[in-house]
Amino acid sequence: MDKFQIYGGARLDGEIDVYSAKNSVLALLAASILTDEQVILTDCPKIGDVYNMIKILEALGSKVVWQENSIIIDSLGVYSHEIPQSYGKEIRSSIFMLGSILARFKKAKAVFPGGCDIGLRPIDLHIKGLRELNIDVKEMGANILCDAKNARGKKIHLDFPSVGATENIMLASVLINGRTVICNAAKEPEIVCLQDMLNKMGAKVYGAGTGTIEIEGVKKLHGVEFKPIPDRILAGTYLIAAAMTKGKVYIKNCRPNDLTSLISKLNGVSCDILANDDTILVKGYEKPQSVMMIETSPYPGFPTDLQAQTLALQTISHGTSLIVENIFETRYKHVGELIKMGAEIVVKDRYAIVRGVEKLYGTQVFAHDLRGGAALVLAGLAAEGTTIVEDIHHVDRGYYKLEEDLTSLGASVKRIQS
Ligand code: UD1
């Protein structure tokens, strides 16, 4: 397994571009099989999760090629309604394929999905939503068998504004008879992005970004060329990296409005942040202060995907910080590794208390999941001495050549291939 060797201490300095959001690209790839015509997604990251999703599309019969950073999908010859077990288990977003396969074939076979090991991550809301659409869903061991021949639009209430369930229900309902209304829908920017692409393909979806999404079923969708939104989690990761290294980084091609919860917590406390329409300038403080409390919640609340990186920043900030992880139960696997580097953190259930220390010290640490792995890389940048981050395949699932981006900003990060 590859690892990163990081010599800490360099202040990040320079400009960096943000590429398209992984979590958008995955949902848009799922949407691509809703049409026989060509779908082109531009400016996409060549990361593990995207490659896995493409493998699933190919297994269904789509032809997928990369042209530089664009993904070109031709689903004219799609013939299979089954997500292969091996791929389905590896990647959680395979579950969105259920909605789009159902829309296309009126039947689907999938397996319970995998993804980062950060908690229970059930799919009951997806299944309940599909059943509300009059889709017959049978759970048979590890398999899920669905029949949508009698599917019709309906009003659905989600008990929790799940991103995945909202996207799946949107995908399942764009091509069925009648009007679907999703109440208590997720409001994440990636949901708005999915609505925008579906509507460009001829769908009738309204309300994304609010708690109520309405979908008027149409007969057919057509091809599209579409640029997904920039990755807010990547922009947030760079922002925190600048603060942790007391550096100065100009983040380009991003959407600061999608990051308000992070910016409002850190600005004036850890760093100075100057946000424009699509850029963020970050200047880290010599003595960053602790953020008193950070509590993850659905958008527009503080993103769970930035909890680990923000926690890492608190380890070297002056004061004490309380972190509350409300979305996933076991999303603190980075904590034990940060403690190895000298951090002072106590975790109890969903709470982490972080008391800032003067310094972290480089040592060997292990990435256990995607964002936790990124947090360890940031800690390595700020630490004294050499940090080895093992198992970076987790990081590669969501960050494209992170070491090259950080090196371009003056960091010393080397990939050591096994
Ligand atoms: C979540 C994040 C999303 C992030 C993604 C990748 C939230 C609200 N969602 O999306 O922003 O990009 O992880 O890390 O922060 N749940 C159920 N039953 C279901 C589906 C979900 O109980 O059928 C629960 C989950 O266990 C979890 C919560 O709902 O506690 C959030 O789930 P959901 O938004 O669906 O997760 P993701 O789509 O993975």
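The values are calculated or read from the model by the stated rules, or taken from the named source; none is laboratory data. For clarity, every value in this text was computed on a predicted model and none was experimentally measured. Heads up, the Cβs are rebuilt from the backbone with ideal geometry, glycines too, and the neighbour counts pull from every protein chain shown. With ligands, DNA and RNA removed, areas are computed over all heavy atoms of the protein, side chains included. Shrake-Rupley method; radii C 1.70, N 1.55, O 1.52, S 1.80 Å.
Would you confirm, using the coordinates I've provided, whether VAL181 is open to solvent by 10 Å² or more (accessible area, probe 1.4 Å), part of a strand (DSSP E or B) and over 17 Å from PHE302 (Cα atoms)?
Values: open to solvent by 10 Å² or more (accessible area, probe 1.4 Å): yes; part of a strand (DSSP E or B): yes; over 17 Å from PHE302 (Cα atoms): yes.
Spelling it out, VAL181 is indeed open to solvent by 10 Å² or more (accessible area, probe 1.4 Å), part of a strand (DSSP E or B) and over 17 Å from PHE302 (Cα atoms).
Let me confirm something: among ILE56, ILE101, ILE47, which residue is more than 24 Å from LYS220 (Cβ to Cβ), β-branched (Val, Ile, Thr), in the same structural domain as LEU221 (by TED's automatic domain parsing) and in contact (Cβ under 8 Å) with a residue 40 or more places away in the chain? Even if it seems obvious, please write down each step before you answer.
Working: ILE56 fails: more than 24 Å from LYS220 (Cβ to Cβ); ILE101 fails: more than 24 Å from LYS220 (Cβ to Cβ).
Unique residue meeting the criteria: ILE47.
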*How many residues, within segment 257-296, are buried (at least 22 other Cβ atoms within 10 Å of the Cβ) and of a type in the set (D, E, K, R)?*
1
*Count of residues meeting criterion [open to solvent by less than 20 Å² (accessible area, probe 1.4 Å) and more than 12 Å from ALA110 (Cα to Cα)] in segment 128-152*: 6
*Identity of the residue in segment 143-161, within 16 Å of the ligand (Cβ to nearest atom) and not acidic (Asp, Glu), that ends up nearest to PRO189 (Cα to Cα)*: PRO161
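Before we move on, is SER270 away from the ligand (no atom under 15 Å from the Cβ) and either closer than 28 Å to HIS368 by Cβ or touching a helix residue (DSSP H, G or I) at 6+ places or on another chain (Cβ under 6 Å) (or both)? Write out each step before concluding.
Numbers: away from the ligand (no atom under 15 Å from the Cβ): yes; either closer than 28 Å to HIS368 by Cβ or touching a helix residue (DSSP H, G or I) at 6+ places or on another chain (Cβ under 6 Å) (or both): yes.
Spelling it out, SER270 is indeed away from the ligand (no atom under 15 Å from the Cβ) and either closer than 28 Å to HIS368 by Cβ or touching a helix residue (DSSP H, G or I) at 6+ places or on another chain (Cβ under 6 Å) (or both).
Give me the residue from segment 344-357 that is surrounded by 19 or more Cβ atoms within 10 Å (Cβ to Cβ) and under 26 Å from the mean Cα position of the chain (by Cα) and, out of that set, farthest from GLY385 (Cα to Cα).
Among them, the one singled out is ALA352.
Can you tell me how many residues in segment 61-82 are among the hydrophobic types (A, V, I, L, M, F, W, C), open to solvent by 10 Å² or more (accessible area, probe 1.4 Å) and either outside any loop (DSSP other than H, G, I, E, B) or within 14 Å of LEU98 (Cα to Cα) (or both)? Explain how you work it out, then say what you get.
Taking segment 61-82 and keeping what is among the hydrophobic types (A, V, I, L, M, F, W, C), we get 64-66, 71-73, 76, 78.
Keeping just the survivors that are open to solvent by 10 Å² or more (accessible area, probe 1.4 Å) gives 64-66, 72, 76, 78.
Restricting the remaining residues to those that are either outside any loop (DSSP other than H, G, I, E, B) or within 14 Å of LEU98 (Cα to Cα) (or both) gives 64-66, 72.
Counting residues in segment 61-82 that are among the hydrophobic types (A, V, I, L, M, F, W, C), open to solvent by 10 Å² or more (accessible area, probe 1.4 Å) and either outside any loop (DSSP other than H, G, I, E, B) or within 14 Å of LEU98 (Cα to Cα) (or both) gives 4.
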*Please find, within segment 1-60, the residue that is farthest from the chain's Cα centre (by Cα) out of those that are open to solvent by 40 Å² or more (accessible area, probe 1.4 Å) and aromatic (Phe, Trp, Tyr).*
TYR7
_Test: ILE71 is more than 15 Å from the ligand (Cβ to nearest atom), touching a Leu at 6+ places or on another chain (Cβ under 9 Å), of a type outside the set (Asp, Glu) and at pLDDT below 95_ = no
*Do the conditions hold for THR320, that is, is it of a type in the set (Ser, Thr, Tyr) and crowded, with 24+ Cβ neighbours inside 10 Å?*
no
